[in-house]
1. Condition test on I246, is it among the hydrophobic types (A, V, I, L, M, F, W, C) and in a strand (DSSP E or B)?
2. Quick one: how many residues across the range 201-220 are over 19 Å from M189 (Cβ atoms) and not β-branched (V, I, T)?
3. If you check every pair at least six apart or on different chains, which have Cβ atoms under 6 Å apart with a residue in the range 171-185 that is in the same structural domain as L104 (by TED's automatic domain parsing) first and a residue that is in a strand (DSSP E or B) and crowded, with 21+ Cβ neighbours inside 10 Å second?
4. Which ones in the range 56-70 are under 36 Å from the mean Cα position of the chain (by Cα) and surrounded by 12 or more Cβ atoms within 10 Å (Cβ to Cβ)?
5. Checking the condition out of contact with any Cys (no Cβ under 8 Å at 6 or more places or on another chain) and either at pLDDT below 90 or not in a strand (DSSP E or B) (or both), which residue from L104, L125 passes?
6. Checking the structure you have, find out if any residue of the range 218-226 is farther than 22 Å from L107 by Cβ, among the small types (G, A, S), out of contact with any Pro (no Cβ under 6 Å at 6 or more places or on another chain) and surrounded by 15 or more Cβ atoms within 10 Å (Cβ to Cβ).
7. So which of A127, A146, A177, A171 is more than 23 Å from the chain's Cα centre (by Cα) and either on the phi < 0 side of the Ramachandran plot or buried (at least 16 other Cβ atoms within 10 Å of the Cβ) (or both)?
Amino acid sequence: MWKFLQDHWGDGIEILLLATCIYQIYRSFRATRGAQILVGLGAILVVLTLVSTIFKFEVISFIIKGAATILTIALIVIFQPELRNGLARLGSNPLFSFSSTKKLAFLERFADAVISLSKKRIGALFAIQRGISLKEHLDSGVVLDAQFSPELAMTVFHPKAPLHDGGMIIADERVAAAACVFPVTEREMKDRSTGLRHRAAIGLSERTDAIAIVVSEETGGISICENGVLMRNLTEKQFREKLAEIFVSGKSSHENESGTQLDLKDPLAPSSNRDLVSD
């Protein structure tokens with residue numbers, strides 16, 4: 001046994017590295033649109049390979065072998081958003097981050113601002129840029145390029161302020177723009193208390209890897225949206241912990257399946273559905 005370990009210890013390390021890489025790829029692609037495409041392509045290839053092998057279809061076998069190179073390039077193009085997102089998550093890992101203290105300070109200021117807006121019941125919509133650029137949506141608003149502060153957030157989202165109607169984009173821990181227009185999700189919402197801000201947050205997170213934060217004007221409820229998943233009615237503690245999980249630990253909303261199930265419906269939302277109308 002000892003001689004076997006001496007002769008093959010390198011193979012064990014290689015297997016461990018490959019398993020780690022495959023697991024990280026699985027985590028990055030899990031519960032994304034790219035995962036559905038990958039499953040579909042894999043199913044087609046498996047079926048075609050089995051059929052060509054069983055019935056000895058030489059033409060189909062030739063096409064599958066010849067298309068391998070083209071398919072590799074096609075997969076890179078198809079999964080370009082997922083690849084960028086995965087690389088961005090890798091770069092934001094604490095092992096590769098040299099500005100974790102600065103990031104924590106920003107998250108603390110941001111959480112204080114959101115909680116202050118919630119207590120005053122001032123509606124707000126934030127989008128924090130990650131790997132995918134939000135320039136397309138930034139151009140729809142007013143460019144600010146200012147240092148973020150709770151006072152600035154309160155000023156922008158004050159109901160009588162000219163920039164309150166729209167979303168604020170935060171990039172590189174700075175306020176890039178305000179009064180930005182975000183795409184509204186096309187998904188049918190069963191809960192009619194889901195307002196326009198929440199629908200815009202879902203729509204933006206479906207198309208990009210940005211994290212959207214919503215403060216309800218009617219209830220003061222705090223919501224976080226990631227990858228099209230809306231988590232509502234977060235307490236102050238839950239909100240701070242969720243921010244730390246996403247931006248410090250690098251966990252996504254799909255990786256918290258074993259945690260506490262968050263309420264997806266706002267129990268205080270009125271039945272009048274007033275929140276569906278733009279503020």
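1. Numbers: among the hydrophobic types (A, V, I, L, M, F, W, C): yes; in a strand (DSSP E or B): no.
When the stated conditions are applied, I246 does not pass them.
2. Our first condition is that a residue be over 19 Å from M189 (Cβ atoms); within the range 201-220, this holds for 208-211, 220.
Then keep just the ones that are not β-branched (V, I, T); that gives 209-210, 220.
So the count comes out to 3.
3. Every condition considered, the pairs that remain are A176/I169; A177/I169; A178/M168; C180/G167; C180/I169; F182/G167.
4. If the condition is that a residue be under 36 Å from the mean Cα position of the chain (by Cα) and surrounded by 12 or more Cβ atoms within 10 Å (Cβ to Cβ), then I64, A67 are the ones that fit.
5. Values: L125 fails: either at pLDDT below 90 or not in a strand (DSSP E or B) (or both).
Only one candidate qualifies: L104.
6. As a first pass, look at the range 218-226 and keep what is farther than 22 Å from L107 by Cβ: 218-219.
Pick out the ones that are also among the small types (G, A, S) and you get none.
No, there is no match, as no residue in the range 218-226 is farther than 22 Å from L107 by Cβ, among the small types (G, A, S), out of contact with any Pro (no Cβ under 6 Å at 6 or more places or on another chain) and surrounded by 15 or more Cβ atoms within 10 Å (Cβ to Cβ).
7. Numbers: A127 fails: more than 23 Å from the chain's Cα centre (by Cα); A177 fails: more than 23 Å from the chain's Cα centre (by Cα); A171 fails: more than 23 Å from the chain's Cα centre (by Cα).
Exactly one of A127, A146, A177, A171 is more than 23 Å from the chain's Cα centre (by Cα) and either on the phi < 0 side of the Ramachandran plot or buried (at least 16 other Cβ atoms within 10 Å of the Cβ) (or both), namely A146.
Matching residues to (1) assigned by TED's automatic domain parsing to the domain that holds S205; (2) outside any loop (DSSP other than H, G, I, E, B); (3) under 25 Å from R130 (Cα atoms); (4) modelled with pLDDT of 80 or more:
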| position | (1), (2), (3), (4) |
| --- | --- |
| L16 | no, yes, no, yes |
| I22 | no, yes, yes, no |
| I25 | no, yes, yes, no |
| V47 | no, yes, no, yes |
| K65 | no, yes, no, no |
| T69 | no, yes, no, no |
| L75 | no, yes, yes, no |
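The values are calculated or read from the model by the stated rules, or taken from the named source; none is laboratory data. Treat the numbers as computed from the prediction; the structure is a model and nothing was measured. All Cβ positions, glycine included, derive from the backbone under ideal geometry; neighbour counts span all protein chains shown.
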